[in-house]
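Okay, structure first, notes after.
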Amino acid sequence: DDGTYYNANEVRHALNAAQNLFALLTLPIERTASFTTTAAGCFHNISLQLTDFVVPLRLTTSAGVRILPATVHELDGLSASWRATAGTPTRYVQMGYDLLALTPQYASATSISITYAAMPTQFTIDTTACELPDEQQIWLVDYACWWLRLKEGGQELANAGEWLRRFVTAARKYGDFVRRRSYGQKYDHVPFDLSSYDMGRLDIKLPPQRGPRNG
């Protein structure tokens, strides 16, 4: 399009929506960062230090020892005082999206290492580099074309359904690849399994057109 229907900001927004969804479905971007815990603190806001965080893949102590994932119910079963136990962390819980709980807790501020799945850098200008694998970037265009057709609706949107199906199919295939790799790395989280998703749900059914009323 030459800008008649979709301006540059709309196109960038559509491409950002595409890469964000692809990243959430497949977890293709991994980063490792230092995360500083507060002295004797159990709960930590993740976004204060990691603004592109999605899910944790591996946590290790300052000495390089693995911190294992758990649930609140598991920790409650092990000890009623897990929220206020001094020592080197051995378990962690991600609570909601932005809260990380560690037990035991370091007596002083200490850095741990977090390997995590990350959100991609957003497209803000035309020269922003895409962080997704090169061979997967073509599917972002498919989703963006479908997204842009949303405001048109009607038959134009119905005809764009194939683009959305191609995008989801590509995400399923690449998610399968990342999931197998994640199992090999013994990561704490793996991508969604889309193999059982009913692709028929993506078919857009237009309501029958009504003719003019008589009388």
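The values are calculated or read from the model by the stated rules, or taken from the named source; none is laboratory data. As the structure is a prediction and not an experimental result, all values here were calculated from the model. Heads up, the Cβs are rebuilt from the backbone with ideal geometry, glycines too, and the neighbour counts pull from every protein chain shown. In case anyone asks, the SASA skips ligands and DNA or RNA and just uses the protein heavy atoms, side chains included. Shrake-Rupley method; radii C 1.70, N 1.55, O 1.52, S 1.80 Å.
For the reader, a short list of remarks on this structure follows.
- Segment A63..T38, full-extension length gain: 7.3 nm, with 0.36 nm per residue of separation and the alpha-carbon distance subtracted.
- Shown is the FRET efficiency for E156 and Y183, computed with R0 = 45 Å from the Cβ-Cβ distance and rounded to the nearest 0.05: 0.60.
- Unit charges at the beta carbon, dipole of the chain: most positive-side option, A18, T32, S108: S108
- Positive contributions from Lys and Arg (+1) and negative ones from Asp and Glu (-1), summed over other residues with Cβ under 15 Å from the Cβ of D176, come out at +3.
- Protein accessible area in region 1-138, 1.4 Å probe - carbon and sulfur %: 57 percent
- When all protein chains stay in place and ligands, DNA and RNA are ignored, the 1.4 Å accessible-area order of S196, S182, largest first, is S196, S182.
- Whole-percent P(r), region 68-107, all Cα pairs, 10 Å bins from 0: 32, 60, 8.
- Each of H13, H44, H73, H189 has its accessible area taken with a 1.4 Å probe; listed largest first, they run H73, H13, H189, H44.
- Surface calculation, 1.4 Å probe, protein heavy atoms: I138 sits at approximately 100 Å² accessible.
- Calculated accessible area for region 1-89 comes out at 52 Å² per residue, all protein chains present (probe 1.4 Å; ligands, DNA, RNA ignored).
- Computed over the Cα atoms of the chain, the ratio of the radius of gyration to the Kirkwood radius (Rg/Rh) comes to 1.11.
- Stretch gain in nm, segment A84-A17, where the contour uses 0.36 nm per residue and the Cα spacing is subtracted: 20.0 nm
- Residue separation of S195 and N45 scaled by 0.36 nm, minus their Cα-Cα distance, works out to 50.6 nm of gained length.
- D76 accessible area, 1.4 Å probe, all protein chains in place, Å² to nearest 10: 70 Å²
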